[in-house]
1. What number of residues within region 202-230 are more than 22 Å from ASP276 (Cα to Cα), in contact (Cβ under 8 Å) with a residue 60 or more places away in the chain and not in a helix (DSSP H, G or I)?
2. Confirm whether LEU280 is on the phi < 0 side of the Ramachandran plot, surrounded by 15 or more Cβ atoms within 10 Å (Cβ to Cβ) and of a type in the set (A, V, I, L, M, F, W, C).
3. Among ILE21, ILE58, which is buried (at least 20 other Cβ atoms within 10 Å of the Cβ) and either of a type in the set (A, V, I, L, M, F, W, C) or touching a helix residue (DSSP H, G or I) at 6+ places or on another chain (Cβ under 7 Å) (or both)?
4. Test of understanding: among THR185, THR211, which residue is within 17 Å of the chain's Cα centre (by Cα) and under 29 Å from GLY158 (Cα atoms)?
5. In region 216-231, what residues are under 25 Å from PRO92 (Cβ atoms) and either over 16 Å from the mean Cα position of the chain (by Cα) or surrounded by fewer than 19 Cβ atoms within 10 Å (Cβ to Cβ) (or both)?
6. Do any strands (runs of 3 or more DSSP E) lying entirely in region 8-87 carry at least 3 residues that are at negative phi, of a type in the set (A, V, I, L, M) and at pLDDT 95 or above, and which ones are they?
7. Identify, please: which residue in region 117-167 is surrounded by 14 or more Cβ atoms within 10 Å (Cβ to Cβ) and of a type in the set (Gly, Ala, Ser) and is, among those, nearest to GLY41 (Cα to Cα)?
8. Quick check on my filter: what residues within region 259-282 are touching a strand residue (DSSP E or B) at 6+ places or on another chain (Cβ under 8 Å) and among the basic types (Lys, Arg)?
Amino acid sequence: MLASTAAATAQTRPAFEVDRIADGVFVHSGLQAEADDRNHGDIANLGFVIGADCVAVIDTGGSPYVGRALRRAIEVRTSTPVCYVINTHMHPDHVFGNAAFADTDARYIAAAGFAHALAARRTTYLKRAERTLGVAVSDGWIVMPDDVVDSRMRLDLGGRSLQLTAWADAHTDNDLTVFDEASHTLFTGDLLFVDRVPAIDASLSGWLDVTASLDALAREVAHVVPGHGPAGQGLDAMLAPQTHYLEAIRDQVQSAIDDGYGLAYTTRHVARGERDRWLLFDDYHVRNVTAAYTELEWQ
């Protein structure tokens, strides 16, 4: 019985693993899955960077449970205090772990637009979390930023600096990237999905524009941490499949609009050849096409 209980616990609560991808840079890879009561919302990539004086956390996970696991992973590796909790955007899988750091002196940082977007969806997000994670939620899961990034911000961690950049509407209307200048590591947030199908929540056209800007930075970047999927090297190569997918949607939706096809027809036919290339395709593709159609029909 004890062995069976241990096995069940191992399946429902997987070990919280953290990988060192560069000196002082650590990444936890979220599952390539939807949030549920077995994974506690642990589906996004999270990270932290250790300086001489401060630790900066980049995203905190999809529940306080995940946030606490991240905090324990930090404390095992350093006694340096967490000074900053940075959110790359407002989606729950990246921010509901914020509460785990609420009793520290850390300052929460996000892009301008984050607070408004999260406040507008807080009720929906909390109800969904209660339903999908199977736990009681509270307003304490919602932690708003102390500081916002309108364009750029530099954070000094002691001996190393982080460059924070806010972007125009793309995946969301509050996307933020984090670049560690010491290791040339770029945390893209959900501006980059690897293997898991991208999800359009703001602007398809804007996302492609931002992608081109990110691609132009490829020579400066040694390590890449996407919002979902394995970290790696070669930013341009990592961006390419996502760009191909988004361009396929843009071009085929525009063609359908030009030919007079309605939304129902378009969602059934556009970019279906991409299906075998992406995880969770059936969960998000129709929504992506719908968002693109709504955007492009008015351009």
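The values are calculated or read from the model by the stated rules, or taken from the named source; none is laboratory data. Everything numeric in this text was worked out from a predicted model, so none of it was measured. Please note: Cβ atoms are built from the backbone with ideal geometry, for glycine as well, and neighbour counts cover all protein chains shown.
1. Adding up the residues that qualify gives 4.
2. Numbers: on the phi < 0 side of the Ramachandran plot: no; surrounded by 15 or more Cβ atoms within 10 Å (Cβ to Cβ): yes; of a type in the set (A, V, I, L, M, F, W, C): yes.
So LEU280 fails the test.
3. Residue meeting the stated conditions: ILE58.
4. THR185
5. PRO230 - this is the single residue of region 216-231 that is under 25 Å from PRO92 (Cβ atoms) and either over 16 Å from the mean Cα position of the chain (by Cα) or surrounded by fewer than 19 Cβ atoms within 10 Å (Cβ to Cβ) (or both).
6. 46-50, 55-58, 82-86
7. ALA129
8. Residues of region 259-282 that are touching a strand residue (DSSP E or B) at 6+ places or on another chain (Cβ under 8 Å), as a first pass: 278-280.
Across region 259-282, there are no qualifying residues.
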